[in-house]
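*Asks:* Below is one structure. I have some questions about it.
The values are calculated or read from the model by the stated rules, or taken from the named source; none is laboratory data. Model, not experiment: these values are computed from the prediction. As a convention, Cβ positions derive from the backbone with ideal geometry for all residues, glycine included, and neighbour counts pool all protein chains shown.
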Amino acid sequence: MDAFTISLWILRIAFVVFIYLFFFFIVRALWRDLRTTVAGAGRALARLVVVASPEGRPQPGASIPLDAVNTIGRDVNNSIIIDDSFASSEHAVLTFRGRAWFVEDRGSTNGTWLNGQRVESYLPLGYGDELQVGQVRMRLERAQV
Amino acid sequence: MAVVARSLNRAGIRPRLRPREMLLLAAAAVALVAGWASLNSYRAGRLELGDLTLLTIYLAAIASVHAAFVITGRRMDQVLLPAVTMLGGLSLLLMERLPQTLAAQSFMGTLLPLAPLQLLWLVLSFALLGTIAIVVRNDGWLRRYKYSWAVLGIAMLLLVFLFGDVIGGQRLTLRIGPLAGQPSELLKVILVVFLAGYLAENRALLTGVSTRIGPIKLPPLPYLLPMVVMWGLALAIVIVQRDLGAALLFFLVFLAMLYVATQRASYVVLGVLLFVAGGLVLYELFPHVRVRVDIWLDPFADPLGAGYQIIRALFAFGRGGVLGTGLGAGLPQVGGTPSIPAIHTDFVFAALAEELGMLGGLAILGLYAVIAERGFRIAATAADDYRALLATGLTLVIVIQAAIIIGGNLRLVPLTGITLPLVSYGGSSLLVNAIVVGMLLALSDRGVEPPPLPGTRRVWLRPLRRAEQA
């Protein structure tokens, strides 16, 4: 085999390789696109896991998916209903703003507690923090993938 | 510069970069230049790039389409254009490689051989693609006049029936003055436009059940009528026009869109049964159908006659192997005649698979898969049913056509004479597929007008609906 045949062979393989390189770029673009869509589509932002609930509504151990805005209280119009004798009908609101979660007390009788500290107006909270509404204690956790 | 930007702004145009598209186009250009070098080095017997004029013109046309998208600031899909660019580029490479006398046509006084002619069509197609993608901002003109479009389509078909030229036993070509075209190419787009409108409007009715034949649940029978008409149309195309490929394409697109709109498998089963029944009858009655099926089942029964094309194509696939013979090194012609008749139209896939091998063939299949993914994604994120069905149908037209002809080349399905979209030689085919891709791009634009509010037209449907609820 002379040099020309070899270089011709290399050139021809290079063509196929370049086609596949182009193809790889496309598939990478599609994959990224698909992943961002899957991540953004209808998935809960986080969840609240019920640690303790003496009256059983909600059940201890229950996992509550969270939206960007979640109202908490005894009234049935709340997105998270805590049917506890020590909870107010409009008790608190849990929101996701930018990159952080915030909890705000809505003038409840017995107060909203974050890690044992009373929430006066609003407080930021992170994953693993414990929230108490009435007698119900809940932990903020990441959404399950 | 600032002056230009200000005047653009005043006209409501905000340029927006499309980095992903730019990267992909650059990658495609690199691959095509490598292919060009490979072809010309083989021909010249030494390493050289060869005359890059044709490729440069092609890439410049693509670049100007990209630039037009950037300047007008359209937020459209960024993957479709590169995928189509690659297919068109492979087409140009192949046409440059094939014997130039396969199709020569004089254009404005100069005789253009195969490759420059294909380049001319490609450039016109991409210009059309870009224009449609940029200019089309609402779909009312398609949505509102669906029956008018259907009538236009059928009128075109009738014109071909009556005045068409017979070329190669098929009555496909319509000649008006110096222009010749194949209206059945455009007909497939019109079909999709009509079906999308009809199905989006009657979707709820079609999913309802009012008639039962044994275990098969059917919608109210009057709404099945268009489907029967479609089926009849497909048969008519086979009988009068002798165009098996177009008939198969229409019917498959129709069934797939029906399934997408209603999600009812029973329609598909029913359609396939009708298709098989129709096929059997046609096989018995019409010799040209019988020949097609017979050479598919056993091409070696008549290796120098009816089976010649298919056998040559199979040999070409075999010669190509995994890596291919390399561009220019295949055997598309023996002596002066091409080894596979219609190698530049129906058998482009065989030609490319011979010279680029199985790897090249798979890459081409992959490109169609990419177009399918993008198209269905555009459909999935569409603002309403009509746009979703339109995008689905347009995607299916390209993908199913590719599947039919590639399957035919590989002897997986009976060979039917249709083009490989965006690769085969031919003006009508290229222009129509460019329209399809252009409309897909326009549909993917996030800045287009929202669809009109659902109206309360079609009052004559009311009594039926009420009867159904009672």
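*Asks:* Considering segment B:346-372 alone, what residues qualify as being assigned to a helix (DSSP H, G or I) and of a type outside the set (A, V, I, L, M, F, W, C)?
*Replies:* Those that are assigned to a helix (DSSP H, G or I) and of a type outside the set (A, V, I, L, M, F, W, C): B:GLU354, B:GLU355, B:GLY357, B:GLY360, B:GLY361, B:GLY366, B:TYR368.
*Asks:* Say whether the condition of being aromatic (Phe, Trp, Tyr) and within 12 Å of chain A (Cβ to nearest Cβ) is met by at least one residue in segment B:46-69. Working first, answer last.
*Replies:* Applying the first criterion (aromatic (Phe, Trp, Tyr)) to segment B:46-69 yields B:58, B:69.
Still in the list and also within 12 Å of chain A (Cβ to nearest Cβ): none.
No.
*Asks:* So, one more: For segment B:44-62, which residues satisfy the criterion of being surrounded by fewer than 15 Cβ atoms within 10 Å (Cβ to Cβ) and assigned to a helix (DSSP H, G or I)?
*Replies:* B:ALA44, B:THR53, B:THR56, B:ALA60, listed by residue number.
*Asks:* Inside segment B:1-25, can you point out the residues that are part of a helix (DSSP H, G or I), within 14 Å of another protein chain (Cβ to nearest Cβ) and either among the aromatic types (Phe, Trp, Tyr) or surrounded by 13 or more Cβ atoms within 10 Å (Cβ to Cβ) (or both)?
*Replies:* The answer is B:ARG20, B:GLU21, B:MET22, B:LEU23, B:LEU24, B:LEU25.
*Asks:* Looking only at helices (runs of 4 or more DSSP H) that fall completely inside segment B:72-144, which ones have 1 or more residues that are touching a strand residue (DSSP E or B) at 6+ places or on another chain (Cβ under 9 Å) and more than 20 Å from A:ILE26 (Cβ to Cβ)?
*Replies:* Answer list for segment B:72-144: B:114-135.
*Asks:* Taking the conditions exactly as written (modelled with pLDDT of 85 or more, among the aromatic types (Phe, Trp, Tyr), out of contact with any strand residue (DSSP E or B) (no Cβ under 8 Å at 6 or more places or on another chain) and over 30 Å from B:ARG377 (Cα atoms)), does A:PHE102 satisfy them or not?
*Replies:* No; evaluated as a whole, the condition is false for this residue.
*Asks:* While we're looking at this one, here's another question. Can you pull out every residue in segment A:42-82 that is free of Cβ contacts under 8 Å to residues at least 12 places away in the same chain, loosely packed, with under 13 Cβ neighbours inside 10 Å and at negative phi? If you could, list the steps in order and put the result at the bottom.
*Replies:* Initial filter on segment A:42-82 (free of Cβ contacts under 8 Å to residues at least 12 places away in the same chain): A:42, A:56, A:59-60, A:76-77.
When the remaining residues are screened for being loosely packed, with under 13 Cβ neighbours inside 10 Å, the result is A:42, A:56, A:59, A:76-77.
Of everything in segment A:42-82, those that are free of Cβ contacts under 8 Å to residues at least 12 places away in the same chain, loosely packed, with under 13 Cβ neighbours inside 10 Å and at negative phi turn out to be A:GLN59, A:VAL76, A:ASN77.
*Asks:* Need the failing condition index for B:PRO414 against (1) closer than 22 Å to B:VAL291 by Cα; (2) in contact with a helix residue (DSSP H, G or I) (Cβ under 8 Å, 6 or more places away or on another chain); (3) free of Cβ contacts under 8 Å to residues at least 60 places away in the same chain, just the number.
*Replies:* So B:PRO414 meets the others, but not (3).
*Asks:* Condition test on A:GLU120, is it over 18 Å from A:ARG57 (Cα atoms), assigned to a loop (DSSP other than H, G, I, E, B) and either β-branched (Val, Ile, Thr) or free of Cβ contacts under 8 Å to residues at least 60 places away in the same chain (or both)? Spell out how you get there, then give the answer.
*Replies:* Working: over 18 Å from A:ARG57 (Cα atoms): yes; assigned to a loop (DSSP other than H, G, I, E, B): yes; either β-branched (Val, Ile, Thr) or free of Cβ contacts under 8 Å to residues at least 60 places away in the same chain (or both): yes.
Taking the combined requirement at face value, the residue satisfies it.
*Asks:* For segment B:225-235, which positions are at pLDDT below 70 and surrounded by fewer than 18 Cβ atoms within 10 Å (Cβ to Cβ)?
*Replies:* Of everything in segment B:225-235, nothing turns out to be at pLDDT below 70 and surrounded by fewer than 18 Cβ atoms within 10 Å (Cβ to Cβ).
*Asks:* For B:ALA329, indicate whether it is surrounded by 18 or more Cβ atoms within 10 Å (Cβ to Cβ) and either in contact with a helix residue (DSSP H, G or I) (Cβ under 9 Å, 6 or more places away or on another chain) or hydroxyl-bearing (Ser, Thr, Tyr) (or both).
*Replies:* no
*Asks:* Right, next: For residues that are in contact with a Ser or Thr (Cβ under 6 Å, 6 or more places away or on another chain) and within 16 Å of B:SER429 (Cβ to Cβ), scanning just segment B:340-381, find the one that is modelled with the highest pLDDT.
*Replies:* B:VAL348
*Asks:* While we're looking at this one, here's another question. Can you find, within segment B:373-406, the residue that is farthest from the chain's Cα centre (by Cα) among those that are within 14 Å of chain A (Cβ to nearest Cβ) and assigned to a helix (DSSP H, G or I)?
*Replies:* Here the residue is B:ALA380.
*Asks:* Given the options B:VAL423, B:VAL432, name the one that is part of a helix (DSSP H, G or I) and hydrophobic (A, V, I, L, M, F, W, C). Step through it out loud before you land on a result.
*Replies:* Values: B:VAL423 fails: part of a helix (DSSP H, G or I).
B:VAL432 is the lone residue from the list that is part of a helix (DSSP H, G or I) and hydrophobic (A, V, I, L, M, F, W, C).
*Asks:* What's the total number of residues in segment B:167-188 that are modelled with pLDDT of 75 or more and either touching a strand residue (DSSP E or B) at 6+ places or on another chain (Cβ under 7 Å) or surrounded by fewer than 20 Cβ atoms within 10 Å (Cβ to Cβ) (or both)?
*Replies:* Total meeting the criteria: 4.
*Asks:* Additional query: B:PRO341 - would you say it is more than 27 Å from the chain's Cα centre (by Cα) and at negative phi?
*Replies:* Answer is no for this residue.
*Asks:* Within the set of pairs 6 or more residues apart or between chains, which connect a residue that is over 9 Å from B:SER184 (Cβ atoms) inside segment B:232-245 to a residue that is of a type outside the set (A, V, I, L, M, F, W, C) and assigned to a helix (DSSP H, G or I) with Cβ atoms less than 7 Å apart?
*Replies:* From residues that are over 9 Å from B:SER184 (Cβ atoms), the pairs are B:LEU235/B:GLY278; B:ARG242/B:HIS288; B:LEU244/B:ARG292.
*Asks:* Restricting to segment B:342-387, count the residues that are hydrophobic (A, V, I, L, M, F, W, C), more than 21 Å from B:ALA434 (Cβ to Cβ) and surrounded by 22 or more Cβ atoms within 10 Å (Cβ to Cβ).
*Replies:* 6
*Asks:* Looking at B:ARG458 and the list (1) modelled with pLDDT of 95 or more; (2) surrounded by fewer than 18 Cβ atoms within 10 Å (Cβ to Cβ), which single condition is not satisfied?
*Replies:* Exception for B:ARG458: condition (1).
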